[in-house]
Amino acid sequence: MGSPLHLHLPAHGRGRALAPALSALLRGRPGSWDLPELPAVGGPLLAEGAVAESQQQVARLLGAERCWFGVNGASGLLQVALLALAPPGSRVLLPRNLHRSLLHACVLGQLEPVLFDLPFEADTGLWQPPPPEHLQRVIAAALAQGPLAAVAVVSPTYQGRKADLMGLAPVAHSAGLPLLVDGAHGLGDGIAAGADLEVLSLQKSAGGLAQSALLLAQGPRVDPAAIERALLWLSSSSPSALLLASCETAIAQLTSSGGARQRQRASSRAARLRQRCSALGLPWLASDDPLRLIVHTGAMGINGLEADAWLLERGVIAELPEPATLTFCLGLAPPAGVERRLPRALLALRQALAGPALPLLERPPLPLLAGLAQPIGSAWRARHERVRLEAAAGRIAAEPLCPYPPGIPLLVPGERIDRERAAWLQRQSRLWPGQIADTVRVVAGDGADA
Ligand SMILES: Cc1ncc(COP(=O)(O)O)c(C=O)c1O
């Protein structure tokens, strides 16, 4: 079988493309870098010290007014961002393909999520970012029901597809709303396009360690004091100096000429890999991120989760299996021989499992805007019972149904499950084997808190 072929995150590829200054730090005496918030070092919330200077420098490099480093991933900083934008009780407009951390923010901040539907590709099963006219329609419909505090979008998606952020930012702003971009998989395009806040996960597209992340801010719609207050609520009082160093060094690498050359080399190898796959008739899908390879397993008649399990047994480790696709993250220094090994493994997969192309995936039966029948925090903590999906119609969900990855909830606590949704979820549980149970927790009769 040979050595495993790791084609997953972090993008530093098990250290091969780790930011050089961080590699140097890790070669030092073990633990010598594990420092408290000494006056010379400081921390994300302190005005003085190396971290404060570094945050300012990163903000300048990425074209933002302010930057905060995070040591609890993009997950932690998305929560900070939403809590800073929205006071308790307010409504926030969130995309259906949101990362679950934004839902957690709604629980923590007592916010009311209003989930908006997105374009869905029936042959690949992938959600697409909203075009500006779609967002305009969504915002108008949501404002007709009451005021909103903020709107969020995901760009790029996990598979690397980018939204038209230049078009989306003015749509949000002309409705008087701040735009939060979940740019966990990106490199700061949101701020360049005029978003008010953007969150980056530095292990996903840059060469940082897992859990190192950035929150970028600009403009008059965000209050830096509100961000710092939320950061205080949600952060450790001993932020890891190693992860803070990872934030600084990942951006230094990203914006350096050496970093640009490294990315260019990786992209050229990725392009060769795609060409080889095409020449062999292996179906892959376009991505705006040259380092993400989305294989359209559905076109070969194979569920992406089955393909993933088959490849895993043969030492090929992908990042993101979904019902009709399997996404590989090549990283900033793709593994040696990937151009040869991956097509060979995919040909063997095709030979072993292929059949007629899978039928089109069913569009999720979701309205343009979905509100909750019960506040998310109370539904999630309510007394509950477990019922079979086919018996769930009419009940209120007491837990999310959330295949992970990608971490996108198909059902949110507090949502009332109608008949079409219950039937769709049953069919989804077959498409996500092992990821969705055939039962769901629903709020028990009176819905009282546990
Ligand atoms: C779109 C999106 N946002 C946020 C996150 C969370 O990022 P992190 O793992 O850095 O907490 C993820 C993780 O997969 C994600 O896919």
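What follows draws every value from the coordinates through simple rules; no lab data is involved. Since this is a predicted model, take the numbers as computed values, not measurements. Positions of Cβ are generated from backbone atoms using ideal geometry, with glycine treated the same way; all protein chains shown enter the neighbour counts.
Counting only the Cα atoms, segment 217-292 fills a convex hull of 171 Å³ per residue. If you take all other residues with their beta carbon under 13 Å from the beta carbon of LEU361, and give Lys and Arg +1 and Asp and Glu -1, the sum is -1.
Dividing the Cα radius of gyration of segment 89-129 by its Kirkwood radius returns 1.09 for Rg/Rh. Between PRO413, PRO129, PRO367, the GNM of the chain built on Cα springs shorter than 10 angstrom shows PRO367 fluctuating the most. Rounded to the nearest 0.05, what FRET efficiency do ALA309 and GLU53 give with R0 = 60 Å and r taken as the Cβ-Cβ distance? Could you check? Here the calculated transfer efficiency is 0.80. A viscosity of 0.692 mPa s and a temperature of 37 °C, combined with the Kirkwood radius over Cα pairs in Stokes-Einstein, give a translational diffusion coefficient for segment 163-280 of 201 µm²/s. Shape analysis of segment 1-90 places it in the oblate category; the axes a ≥ b ≥ c from the Cα gyration tensor give an a/c of at least 1.5, with a/b not above b/c.
Taking only the Cα atoms of the chain, how large is their convex hull per residue, in Å³? Display every interim value, and only then the final one.
On the way: hull volume 65.9 nm³, N = 450.
Once divided by residue count, the hull of the chain is 147 Å³.
Assuming a ≥ b ≥ c are the square roots of the Cα gyration tensor eigenvalues, decide whether segment 22-173 counts as rounded (a/c under 1.5), prolate (otherwise, with a/b larger than b/c) or oblate. Don't skip to the answer; put the middle values down first.
On the way: a/c = 2.30, a/b = 1.82, b/c = 1.26.
Since a/c reaches 1.5 and a/b is larger than b/c, the shape of segment 22-173 is classed as prolate.
Span-like helices, the chain: DSSP H, alpha-carbon axial extent 30 Å or more, mean Kyte-Doolittle -1.0 or greater, which ones? Both cut-offs are met by no helix. Could you tell me which of rounded, prolate or oblate describes segment 226-368, using a ≥ b ≥ c as the square roots of the eigenvalues of the alpha-carbon gyration tensor, with rounded for a/c under 1.5 and, failing that, prolate when a/b is larger than b/c and oblate otherwise? Because a/c hits 1.5 or more and a/b fails to exceed b/c, segment 226-368 counts as oblate.
Comparing ASP418, ASP117, ASP34 in a Gaussian network model of the chain, where Cα atoms under 10 Å apart are tied by springs, the biggest mean-square fluctuation is seen for ASP34. Would you mind counting up the charge near LEU291? Only other residues with Cβ under 12 Å from its Cβ, with Lys and Arg at +1 and Asp and Glu at -1. In short, +3. Using a simple spin-label model with pseudo-atoms 7 Å out from Cα toward Cβ, ARG388 and LEU26 lie 5.0 nm apart.
Quick one: net charge of GLY208's neighbours, Cβ under 15 Å, K/R +1, D/E -1?
Details: positive: ARG14, ARG16, LYS204, ARG263; negative: GLU248.
Value of the local net charge: +3.
When all alpha-carbon pairs of segment 109-168 are counted, what percent fall beyond 19 Å? Cα-Cα pairs of segment 109-168 separated by over 19 Å account for 36 percent.
Hey, what does the equivalent ellipsoid look like for segment 89-190, semi-axes from the Cα gyration tensor as sqrt of 5 times each eigenvalue, largest first, whole Å?
Values: eigenvalues 82, 50, 37 Å².
So the equivalent ellipsoid measures 20, 16, 14 Å along its semi-axes.
Computed about its Cα centre, the charge dipole of the chain is approximately 1360 debye, with only Lys, Arg, Asp and Glu carrying charge at their Cβ.
Tell me, what does the Kirkwood hydrodynamic radius of segment 302-450 come to in angstroms if you use every pair of distinct C-alpha atoms?
On the way: mean 1/r = 0.0574 Å⁻¹.
Across segment 302-450, the inverse of the average 1/r is 17.4 Å.
Taking DSSP loops as anything outside H, G, I, E and B, show the longest stretch in the chain free of GluC sites (Glu not before Pro) there with at most 16 other beta carbons within 10 Å.
Segment 122-361 is the longest.
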